[in-house]
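Asker: Handing you a structure now.
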Amino acid sequence: MTNETVSSRSVLGTLALVFLAIIALSGVDTFLARTERSENRAEAERLAAAGDFKGAIAIERENPHYWLALGEAQLAAGQLTDAEATLAELLRRDSTSGPANLTLARVLVKEGRIAEAVSAYHRAVYGHWDRDAEKNRVNVRFELVKLLAQQGSKEELLAELLPMLDVAPDDLEMRERLGHLFLVAGSAARAGEIFGDILRKHPQDANAYAGLGEAEFARGNYQTAKSDFQIASDLKPSDRAIRARLRLSTEVLALDPMRRGLGPEEQYRRSLKMLGLAAAAVGCSTSPLAIDAQEEAHKAMKERVAPARVSSAIEKNLNLAEELWKIRGQECKKPPAGEEEALRLVLARIAQ
């Protein structure tokens, strides 16, 4: 073996040792790095579990769950400006996050920025969710429609409800909830369809009968509404709200002088009843206008009317009752209750 051969082998051996050493050191570095990351992750989780989300973010800045948790905590604490800033940073990284947009919507509602909140709710509906995406989207829609119902935005509310017509057709509670929301949106016909569909599947559901009664009541079909409320009350006799709606339907039917089939004498008697209720309703006012109208009503109620003048007397009584009711609306703050509510409904029906 030549010296040159020995020298080559020596160099190769040295290079092999160096290479092995590099591999070993690299493995150690990788192990140490993994250990450090694991320890950091564990420490961040510990801080987050303790409610120190800022501390957790300082260790794991790229973790979106800690940013979201911080934003939710700031919202719960009423730190709205801080919450909005936190969520803005999270959404800068991922603008399509469903949970982040939902939390931002809630912050904006608290700040009274309703239009911006509605936009954030929409982004949450169409954003991405790591789990239970469909369920979360439905829940967000319900939260949005609740907000719109509170704001009295009937057109916007109806627009949000229409896409939900086919959602969860077998979820009884959700369908009943949806039916009532359509009533709030002023769509009694669609509400009636929903409650009717529920009753085809659950014919003994008292709440669905009550909902159907509300739909008919809203459309002015008081006789049908009364029948539905009666069935609901029979199925659920302990429900005071249903009994109250049944009572109101009965009062409206008993007061309305324009109901089909009534003779002139009964129409006149009912017009006097309405006039008396209207006169009593303005008792909350002492204005000269109210006092004069009351005196005219009392005079009309004492007047003897010949059979030939009954029709004109009915019209006069109803016009005076309407005038008294307008005065009440202008001068009395207390909302109508009991027979006054029945009077309001009958007057509104006559005015149509």
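The values are calculated or read from the model by the stated rules, or taken from the named source; none is laboratory data. A quick note: this is a predicted structure, and the numbers were derived from the prediction, not measured. Please note: Cβ atoms are built from the backbone with ideal geometry, for glycine as well, and neighbour counts cover all protein chains shown.
Asker: Return the residues of the stretch 139-159 that are touching an Asp or Glu at 6+ places or on another chain (Cβ under 9 Å) and β-branched (Val, Ile, Thr); say none if nothing qualifies.
Answerer: 145
Asker: Could you list, in sequence order, the residues of the stretch 71-88 that are part of a loop (DSSP other than H, G, I, E, B) and either surrounded by 20 or more Cβ atoms within 10 Å (Cβ to Cβ) or among the aliphatic types (A, V, I, L, M) (or both)?
Answerer: Taking the stretch 71-88 and keeping what is part of a loop (DSSP other than H, G, I, E, B), we get 77-79.
Answer for the stretch 71-88, where residues must be part of a loop (DSSP other than H, G, I, E, B) and either surrounded by 20 or more Cβ atoms within 10 Å (Cβ to Cβ) or among the aliphatic types (A, V, I, L, M) (or both): just 77.
Asker: Are any residues in the stretch 199-213 surrounded by fewer than 20 Cβ atoms within 10 Å (Cβ to Cβ) and either in a helix (DSSP H, G or I) or in contact with a Pro (Cβ under 6 Å, 6 or more places away or on another chain) (or both), and if so, which ones?
Answerer: 199, 200, 201, 206
Asker: Looking at the stretch 290-322 only, could you name the residues that are touching a helix residue (DSSP H, G or I) at 6+ places or on another chain (Cβ under 8 Å) and not in a helix (DSSP H, G or I)?
Answerer: Selection gives 303, 305.
Asker: A further question on this structure: Any residue in the stretch 313-328 that's closer than 22 Å to residue 284 by Cβ: show its pairings with residues that are buried (at least 21 other Cβ atoms within 10 Å of the Cβ) and among the β-branched types (Val, Ile, Thr) at Cβ separation under 8 Å, as long as the two are six or more apart or on different chains.
Answerer: Between residues of the stretch 313-328 that are closer than 22 Å to residue 284 by Cβ and residues that are buried (at least 21 other Cβ atoms within 10 Å of the Cβ) and among the β-branched types (Val, Ile, Thr), the close pairs are 324/282; 327/282; 328/282.
Listed here are the residues, each with its yes/no results for (1) modelled with pLDDT of 80 or more; (2) more than 30 Å from residue 108 (Cβ to Cβ); (3) not assigned by TED's automatic domain parsing to the domain that holds residue 109.
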residue	(1), (2), (3)
25	no, yes, yes
30	no, yes, yes
44	no, no, no
48	no, no, no
52	yes, no, no
64	yes, no, no
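Asker: What are the residue pairs meeting all of these: first residue in the stretch 147-176, first residue within 23 Å of residue 109 (Cβ to Cβ), second residue acidic (Asp, Glu) and modelled with pLDDT of 90 or more, Cβ atoms under 6 Å, and 6 or more apart or on different chains?
Answerer: Pairs that qualify, where the first residue is within 23 Å of residue 109 (Cβ to Cβ) and the partner is acidic (Asp, Glu) and modelled with pLDDT of 90 or more, are 148/156.
Asker: For the condition within 37 Å of the chain's Cα centre (by Cα), part of a helix (DSSP H, G or I) and outside the structural domain of residue 208 (by TED's automatic domain parsing), what is the one hit in 248, 345?
Answerer: 345
Asker: Can you tell me which residue among 91, 68 is more than 30 Å from residue 183 (Cβ to Cβ), crowded, with 16+ Cβ neighbours inside 10 Å and modelled with pLDDT of 95 or more?
Answerer: Values: 68 fails: modelled with pLDDT of 95 or more.
Criteria check complete, one pass: 91.
Asker: Listed residues 186, 127; which is in contact with a strand residue (DSSP E or B) (Cβ under 7 Å, 6 or more places away or on another chain) and either free of Cβ contacts under 8 Å to residues at least 40 places away in the same chain or not aliphatic (A, V, I, L, M) (or both)? Reasoning before the result, please.
Answerer: On the way: 186 fails: in contact with a strand residue (DSSP E or B) (Cβ under 7 Å, 6 or more places away or on another chain).
Of 186, 127, the one residue that is in contact with a strand residue (DSSP E or B) (Cβ under 7 Å, 6 or more places away or on another chain) and either free of Cβ contacts under 8 Å to residues at least 40 places away in the same chain or not aliphatic (A, V, I, L, M) (or both) is 127.
Asker: What are the residues in the stretch 256-273 that are assigned to a helix (DSSP H, G or I), out of contact with any Leu (no Cβ under 7 Å at 6 or more places or on another chain) and in contact (Cβ under 8 Å) with a residue 40 or more places away in the chain, if any? Give the steps one after another, and end with the answer.
Answerer: At the first step, the residues of the stretch 256-273 found to be assigned to a helix (DSSP H, G or I) are 264-273.
Checking the rest, the ones that are also out of contact with any Leu (no Cβ under 7 Å at 6 or more places or on another chain) come to 264-269, 272.
264, 265, 267, 268, 272 - these are the residues of the stretch 256-273 that are assigned to a helix (DSSP H, G or I), out of contact with any Leu (no Cβ under 7 Å at 6 or more places or on another chain) and in contact (Cβ under 8 Å) with a residue 40 or more places away in the chain.
Asker: Failed condition for residue 276, given (1) outside the structural domain of residue 190 (by TED's automatic domain parsing); (2) over 20 Å from residue 326 (Cβ atoms); (3) touching a residue at least 24 places away in the same chain (Cβ under 8 Å), with all others met?
Answerer: The failed condition is (2).
Asker: Follow-up question, since we're still on this one. Looking only at the stretch 236-244, decide whether some residue is within 26 Å of residue 326 (Cα to Cα), surrounded by 19 or more Cβ atoms within 10 Å (Cβ to Cβ) and not polar (S, T, N, Q).
Answerer: Restricting attention to the stretch 236-244, the residues satisfying the condition of being within 26 Å of residue 326 (Cα to Cα) are 244.
Of the ones still in play, those that are also surrounded by 19 or more Cβ atoms within 10 Å (Cβ to Cβ) are none.
So far as the stretch 236-244 goes, no, none of its residues is within 26 Å of residue 326 (Cα to Cα), surrounded by 19 or more Cβ atoms within 10 Å (Cβ to Cβ) and not polar (S, T, N, Q).
Asker: Hey, among 247, 219, which residue is of a type in the set (D, E, K, R) and without any contact (Cβ under 8 Å) to a residue 24 or more places away in the chain?
Answerer: 247
Asker: For the stretch 128-136, indicate whether the set of residues that are under 23 Å from residue 74 (Cα atoms) and among the acidic types (Asp, Glu) is non-empty.
Answerer: For the stretch 128-136, residues under 23 Å from residue 74 (Cα atoms) and among the acidic types (Asp, Glu): present.
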